[in-house]
Amino acid sequence: MLNLPDAVAVLERTPTVLRTLLDGLSPEWLHANEGPDTWSPHEVVGHLIDGEELDWMVRVHTILDHGESQPFHPFDRTRHLGRDTEASVGALIDRFAALRRANLDDLAALELTADDLARTGTHPAFGRVTLSQLLSTWVTHDLSHLGQIARTMAKRHSTEVGPWQEYLSILRR
């Protein structure tokens with residue numbers, strides 16, 4: 001079962017991690033990607049903003065208010081592409097941080113119980129999901145995208161590391 005305080009501890013840190021890792025870097029770092037149909041660190045921040053606006057807490061409230069009777073609205077995972085392209089990553093992180101803080105305040109105000117975490121909703125692709133699964137996915141989603149950012153950045157130096165490439169598993173994915 002999800003340990004909610006532990007989950008929130010990770011969710012609270014994501015904006016700071018992003019700021020520490022990305023703010024003030026050159027466009028070469030921020031707009032690099034891993035090839036076609038992959039996202040740059042700048043684009044990942046835009047995607048995280050979309051999740052704060054349209055996904056996580058919207059779905060929490062859908063489960064609590066409607067259970068399985070009202071399926072989640074589909075989430076457009078690529079909505080962010082082409083938006084905010086001229087915004088600085090610092091401005092995007094500020095926006096993300098404010099949205100995340102508001103969402104975590106909303107989550108805390110719900111005072112969720114173990115019974116609440118077991119409540120179910122309907123995902124458009126997966127069917128029945130629990131609130132606990134949704135919240136666990138939120139944490140894992142953050143960590144996945146932080147890993148994606150690190151991997152994308154590391155690959156900028158994949159040839160420059162020479163023979164050490166053999167020992168750097170981040171470059172092999």
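For a test of the definition: using alpha carbon positions, the gyration tensor, and the 1.5 limit on a/c, classify region 42-143 as rounded, prolate or oblate. Prolate is the answer for region 42-143, as a/c is 1.5 or above and a/b outweighs b/c. Its Cα centre serving as origin, the chain has a Cβ charge dipole (Lys and Arg +1, Asp and Glu -1) of approximately 440 debye. With all protein chains kept in place, the per residue accessible area of region 64-173 amounts to 60 square angstrom at a probe of 1.4 angstrom. Beyond 15 Å, what percent of the Cα pairs of region 87-173 remain? Distances greater than 15 Å cover 74 percent of the Cα pairs. Surface analysis of region 5-59 yields an accessible area of 45 Å² per residue, using protein heavy atoms and a 1.4 Å probe.
Size check on the chain: the Cα extents along the three principal axes, sorted descending, read 54, 35, 28 Å. Split the accessible area of region 49-149 by element, probe 1.4 Å, and carbon with sulfur accounts for 54%.
The values are calculated or read from the model by the stated rules, or taken from the named source; none is laboratory data. Only a predicted model underlies this, so the values are computations on that prediction, with no experimental measurement involved. Glycine gets a Cβ as well: all are built from the backbone with ideal geometry, and neighbour counts include every protein chain shown. To get the accessible areas, we keep the full protein, side chains included, count just its heavy atoms, and leave off ligands, DNA and RNA. Shrake-Rupley method; radii C 1.70, N 1.55, O 1.52, S 1.80 Å.
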